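Q: Next up is a structure, given as structure tokens.
Read the figures in this text as sums done on the coordinates, not as results from a lab. Computed from a prediction, not measured in an experiment: that's the story for all the values here. As a convention, Cβ positions derive from the backbone with ideal geometry for all residues, glycine included, and neighbour counts pool all protein chains shown.
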Amino acid sequence: MRPVLVLDFGAQYGQLICRRIREAGFYSELLPFWTRTDEILARHPQALILSGGPKSIFDDDAPQMDPSLLGVGLPVLGICYGMQVMARQLGGEVRPADIREYGRTSLDVAPSSTLFHHMGATTTVWMSHADTVTGEPEGFAVTGRTAQVPVAAMEDPSRRLFAVQFHPEVVHTERGREILGNFLLHGAGLTPDWAMGDVAEEQIRSVRERIGSERALVALSGGVDSSVAAAIVERAIGKRLVGVFVDHGLLREGEAGLVADVFTNIFPLDFRPVDRRETFLRKLEGVTDPERKRKIIGEAFITTFREVAKELGAIPFLVQGTLYPDVIESGFGEAAVIKSHHNVGGLPKEIGFEIVEPLRNLFKDEVRSIGRRLGLPQALVDRQPFPGPGLAVRIVGELTKDRVDLVRRADAVVRREIEAAGLDKGLWQYFAVLPGVRSVGVMGDDRTFEEAIVVRAVTSEDGMTADWARLPHDFLDALAGKIVREVPGVNRVLLDITSKPPGTIEWE
């Protein structure tokens, strides 16, 4: 397949651009910004997109691409930082913005332009930048501007070069998919030739070639990611795959039984449950730093897998259900570290396995689509995401058995009530958080000084961005009462109304 390549300047949304391209029916790959022009051309790309990035173009270590890329005839779309790189290399003017733009912004556009064809005179876009293009390069026409940015979009159709200062890949840009589609279909002149079903078959072939005649362990959590990864690898190597489920004492209520049922009855596998509840909690005793928690959990998982592999004989491969949001938040490549996921940045340097990650470049909804194609149970495919470190990332401060039990009981109430009310269908995640805050209350005419519980519920398409869910007030009122009544040690319930960004979905 001839790809549409995305050159990554360290963007949090780099792979999201790839995903949007795949949704439009084109195969896409992500490459680091330092990739040479000859290496890019060797992949026979159909078009090139330059991503955003966290750096200022005026930083001493600001990433730059091979300048010859803009002269080889490829259709190119620059996004945010990618637009600034393009403008600067082609002789335009870039300056630090007098007023930085973040969030939803009204954009005035030229409806006759390629990117904004038949879109009306204004549209809402998502901005996130500190520098701005103030003068377009020779040959370009300005096709979009905001109240703060004189060159918010520009294009030179004769050279098939286009650029936008905003992020068309995020859902908050109201016609972002259409803008990307206009670039691919009209700016680059491409024809859709790829479908999601190709990914599963491609990964099955790839895993079969890589593992060969060896055996592999798969780290099972009971969630959709590890389950789909297991299904792919099982189809590649069959009975040589061993499923290991580690109960680390940080699971949701009823989780262990559900996982055992799925992988022994619904989806038969060589299933090996391992009880390490005391081990994990002992290692986490006294630890309050979130990054340290994640790394301890990652190391403890790997130690457990090594022990199982030793008992079963030499098993060189470990399969993980790592997704791209895990990778990008852990600071992979040039991206800033947001938090080290236990299965990426939390892994020890010496692992003792070759890691197999068939879902590493995918998003959650894409993984669900593959799960359905592979015939996994609907109830498993549609489960809300649950982090590998479990309740550890929903407890601020030290982990103790009592604190874990408290948030587990509160979480069970939140999930039960949301599902009973039929509100779960429109939510990405919904759970309870223990923030480590005590407050004075009055219960039974007596003073209390007990824990607060935070209710977190968000909507999202892919986990890269999220908005807080507008749950009905009457429902929240009833939910708060049930949490306080049913969970001893809690006298106050709070609601998290923070979107991502600036927050993350999980608290740690």
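Q: So which helices of the chain fit the span-like rule, where a helix is a whole DSSP H run, its Cα atoms reach 30 Å or more along the axis, and its mean Kyte-Doolittle is at least -1.0?
A: 290-312
Q: Continuing with the same structure: According to a simple spin-label model (label point 7 Å from Cα along Cα-to-Cβ), what is the distance in nm between residue 195 and residue 279?
A: 4.5
Q: Right, another one. With viscosity set to 0.692 mPa s and temperature to 37 °C, compute the Stokes-Einstein D of the chain, Rh being the Kirkwood radius across alpha carbon pairs; µm²/s, no decimals.
A: So the translational diffusion coefficient is about 134 µm²/s.
Q: Continuing with the same structure: Sticking with the crude label model, points 7 Å out along Cα→Cβ, report the distance from residue 1 to residue 62 in nm, one decimal please.
A: Calculated label separation equals 3.4 nm.
Q: Give me the one-decimal nm value for the distance between modelled label points at residue 272 and residue 177, 7 Å along each residue's Cα-to-Cβ direction.
A: For the pair residue 272/residue 177, the computed spacing is 4.3 nm.
Q: Sticking with this structure for a sec: Output the Cα-based Rg and Dmax of region 23-108 in Å, rounding Rg to one decimal and Dmax to a whole number.
A: Using the Cα atoms of region 23-108, the pair Rg, Dmax is 14.3, 41 Å.
Q: Something else now. Answer with one residue from 436, 78, 222: the one whose Cα lies farthest towards the positive end of the charge dipole of the chain, charges on Cβ with Lys, Arg +1 and Asp, Glu -1.
A: Projecting each Cα onto the dipole axis, the largest value belongs to 222.
Q: Please report, to one decimal in angstroms, the Kirkwood hydrodynamic radius of region 4-187 built from all distinct Cα-Cα pairs.
A: Computed over Cα pairs of region 4-187, the Kirkwood hydrodynamic radius comes out at 15.9 Å.
Q: To continue, here is another question. Just want to confirm a number: the relative contact order over the chain, from Cα pairs under 8 angstrom separated by 6+ residues, in percent.
A: RCO, the chain: 11 percent.
Q: Amide H of residue 270: which non-local residues (sequence gap of 5 or more, or other chain) have their own amide H closer than 5 Å, using H built in the peptide plane?
A: Under 5 Å from the amide H of residue 270: 243.
Q: Regarding region 395-495, what whole-number volume in Å³ per residue does the convex hull of its Cα atoms give?
A: Per-residue hull volume (Cα only) is 106 Å³.
Q: Place the peptides 471-480, 233-242, 149-158, 6-15 in order of packing, highest mean first, counting for every residue the other Cβ atoms within 10 Å and averaging per peptide.
A: 6-15, 149-158, 233-242, 471-480
Q: What is the set of long-range amide H partners of residue 94 at a cut-off below 5 Å, with H atoms built 1.01 Å from backbone N?
A: Placed amide hydrogens put 134 under 5 Å from residue 94.
Q: Assuming R0 = 51 Å, what is the FRET efficiency of residue 141 and residue 423, from their Cβ-Cβ distance, to the nearest 0.05?
A: Plugging the Cβ-Cβ distance into 1/(1 + (r/R0)^6) gives 0.60.
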